[in-house]
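Here's the structure we're looking at; comments come further down.
The values are calculated or read from the model by the stated rules, or taken from the named source; none is laboratory data. This one's a predicted model, so the numbers in the text were calculated from it and none came from an experiment. For neighbour counting, all protein chains shown are included, and Cβ atoms are generated from backbone atoms with ideal geometry for every residue, glycine included. Surface accessibility is based on the protein's heavy atoms, side chains included, excluding ligands, DNA and RNA. Shrake-Rupley method; radii C 1.70, N 1.55, O 1.52, S 1.80 Å.
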Amino acid sequence: MTNDQGAIANLQAELSKLPGIGPKSAERISHYLLGGDRKAAAELANALRVVVEKVRPCPECFNWTEGDLCPICRDHRRDAGSICVVETPRDIALFERTGSYRGVYHVLGGRLAPLDGFGPDRLTFAALAQRVRRGGVKEIILATSPTMEGDGTALYASNLLAGSGVAITKLARGLPSGSSLELANPQMLADAMDGRRTL
Ligand SMILES: [Zn+2]
């Protein structure tokens, strides 16, 4: 970086922590923000401040929400008897884009990675079991990523919920094995949901 003055270097350091943004992009964005309309930069800063202050995990499903329950949990037209278990709120957005799933969700907050010391207590399994115990749930759809860790996470959830009387299903394969569901297009995700099988 050519400019090592405090504020600009700090902005570039923060920008380069974002996914997909390396030092060169961080430099380009910071100069764009400085050189352009200062009002646009202020609006970006304000948008960041507002999400940091207002957006929280939904107390029911751990999706992001600004209110109490998230818009999906609040929506009485959704089938609360079907819970699709995903790793992150981003995965919810992917399934919502398919437009074909009418149930609700549960965000685990990641996936099990025992080798990295990321165990079940770091995820929202307890809250999921609680939702099932409360009753009214007919099906749990495990929609973790098609990776070894994602599969291990799904297996842990199915063992946890075994004996609860709830049908436990898993997305059909055919999804690309890779790092995340975001590699699948909406139709592939819709097909994986339609072709889900009982564990
Ligand atoms: Zn919710």
Within region 177-199, count every residue that is at pLDDT below 75 and part of a strand (DSSP E or B).
0
So D79 ticks every box in (1) within 21 Å of G136 (Cα to Cα); (2) touching a Ser or Thr at 6+ places or on another chain (Cβ under 8 Å); (3) not aliphatic (A, V, I, L, M) but one. Which box is left unticked?
(2)
From the option list A127, A154, single residue qualifying as aliphatic (A, V, I, L, M), open to solvent by less than 10 Å² (accessible area, probe 1.4 Å) and not in a loop (DSSP other than H, G, I, E, B) is A154
Going by the conditions given, is L33 surrounded by 14 or more Cβ atoms within 10 Å (Cβ to Cβ) and either modelled with pLDDT of 95 or more or within 16 Å of the ligand (Cβ to nearest atom) (or both)?
no
Which pairs have Cβ atoms under 7 Å, sit 6 or more apart or on different chains, and link a residue in region 1-30 that is open to solvent by 90 Å² or more (accessible area, probe 1.4 Å) to one that is at pLDDT below 95 and among the β-branched types (V, I, T)?
none
Could you list all residues from region 73-95 that are charged (D, E, K, R), surrounded by 14 or more Cβ atoms within 10 Å (Cβ to Cβ) and within 13 Å of the ligand (Cβ to nearest atom)?
R78
Give the number of residues within region 58-72 that are surrounded by fewer than 21 Cβ atoms within 10 Å (Cβ to Cβ) and of a type outside the set (D, E).
6
Return yes or no: is L94 without any contact (Cβ under 8 Å) to a residue 24 or more places away in the chain, more than 22 Å from A162 (Cβ to Cβ) and not β-branched (V, I, T)?
no
Report every pair of residues separated by at least 6 positions or lying on different chains whose Cβ atoms are under 7 Å apart, first residue within region 42-64 and closer than 22 Å to E87 by Cα, second of a type in the set (S, T, N, Q) and open to solvent by 60 Å² or more (accessible area, probe 1.4 Å).
none
Could you check S145 against (1) modelled with pLDDT of 95 or more; (2) open to solvent by less than 20 Å² (accessible area, probe 1.4 Å) and say which number it fails?
(1)
Being touching a Lys or Arg at 6+ places or on another chain (Cβ under 8 Å) and not basic (K, R) is the filter here; which residues of region 89-117 pass it?
G103, V104, H106, G109, G110
